[in-house]
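Remarks on the structure that follows.
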Amino acid sequence: MSKKIPVVIDLDGGADGLWGLAVAAAYADKLDLKAVTVCAGKQRADHAFSNGASYGALLKLSCPFYRGSERPVLLKERPEWKGDGPDGKLGMSLPEPISYEEGYAWDAIYREAVAAEGELRVVCFGPMTNLAIALFKYEGLASLVKKVIFVGGSYDYGNASAVTEINMATDPEAARAVFRSGIPKTMVGFNAIRESALSDEQIREVMGEKLSGELFLQCSAGREKLLSRVCFGAALGMAALLEPDLLSWVRYHLTIETKSNLCRGRTTPLNMYSPRGFEKDTDIAMGVDMERYVKFLKGAVERMDVKDITWI
C-alpha cells in the first residue's frame, strides 16, 4: 500500500474552496490532510473564517482548522471581487462552523512541515498570505516543504483584469515571497481553469444520481462567460496533486509584478527570454485531458458521503 501524501490546504473561504476540500476528503485514502488554514483573501475576514469552518462542518473533516491573516502582507487596496457573491458562499445555507484551534495558520504550517520531514505539500486555493508569513517567520521552512501547488495566476489573461488573476492580484507580495523562497512550485492558473470548464452534459456525467446538478452549479465560482460552462479551480488544483498527468505542463521561471498599478499581480512565465541564471522553477498547467478530468471528478463524487448534507 502506497504511503499517503501529507498535505496542508490553505483557502480563503470562497465557494470554490468547498469543492477542493470535498475532493480532498473523497480521496482520503491517498491524502493525509494534516490541517486546513484560512486567510481573508478575496473575502471579508469574518466571511472567510466563518465559511471555511462551515465547509469543514459540512464535509465532517476531522483535521484541525487554523485562522490566518485578516489582510494581505501589505496594506494596499485590493481588487474588488464579486465572483462568490457578497458573503463568499454564493448563497449556500451552511451548517454552524466548527471551532478553530488555538494558534495561527503560519505556525501550523511550520509544525506540519517539520513533522512531515520534507514531504509536506501545501495546496493554496486563494492568496498565499499564510504561507508567506510562515516563510517570513521560520527561516528554514522553504527546505521543509516538498511542493506548493497554487490555484492562481495565469499564463495569459486574467479574471481580475485583462492581465491579472484575482488570487495573485489580492496579495502579490505574498506570492512574490513564495516564488523567491526556493520551494518547488506548481501553478494551476486561470488559463488551465478555463480549459477545465464543464458542460452541462459533463456535469450530469460527474454527478450521476448522487448530487443535485443545480446546486453543483451554484457552488461554482461562476460560469465561463463565453461558453456558459462551469470552472472549479480548487478541484483542478487537487487533480494536479493527485493525478498530475491528466494535465499538460510547461516549466518556466515565474515572476510576479508588484510595483505597477496597471498590472499589479500579473504572473509572467519566462522561458527563452529569461535573464541568464534564472532557473526554470515552476511547473505551469497548460491543458487538461477532459475525459480523464471528468472521470476524476466522478470518482470523487462517488466516494462522497452525502446523506447528511442538507443543502443538496
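Taken together, the values in this text are just the output of simple stated rules run on the coordinates, not laboratory data. Source: prediction; values computed, not measured. FYI the Cβ positions are ideal-geometry reconstructions off the backbone, even for glycines, and counts take in every protein chain you see.
Values as computed for the structure displayed
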| quantity | calculated |
| --- | --- |
| Packing-based ranking, highest mean first, of 3-13, 91-101, 260-270 given that Cβ atoms within 10 Å are counted | 3-13, 260-270, 91-101 |
| Computed P(r) (all Cα pairs; the chain; 20 Å bins; percent) | 36, 60, 4 |
| Rel. contact order, % - alpha carbon contacts under 8 angstrom, at least six apart, region 17-113 | 34 percent |
| Sorted peptide list for 188-197, 163-172, criterion being average Cβ within 10 angstrom, highest first | 163-172, 188-197 |
| Extension gain, L270 back to D245 (0.36 nm per residue minus Cα-Cα distance, nm) | 6.7 nm |
| Antiparallel content of DSSP bridges confined to the chain, in %, to 5 | 30 percent |
| Gain on full stretching of the segment that runs from L74 to D29 - 0.36 nm per residue minus C-alpha separation | 12.3 nm |
| Mean Cα-pair separation over length for the chain, i.e. relative contact order, pairs under 8 Å, 6 or more apart, % | 20 percent |
| Cα Rg, Dmax, region 1-83, angstrom units | 13.8, 49 |
| Order by protection proxy (mean Cβ within 10 Å, highest first), peptides 111-118, 150-157 | 150-157, 111-118 |
| Projected area averaged over orientations for region 65-175, convex hull of C-alpha atoms, nm² | 8.4 nm² |
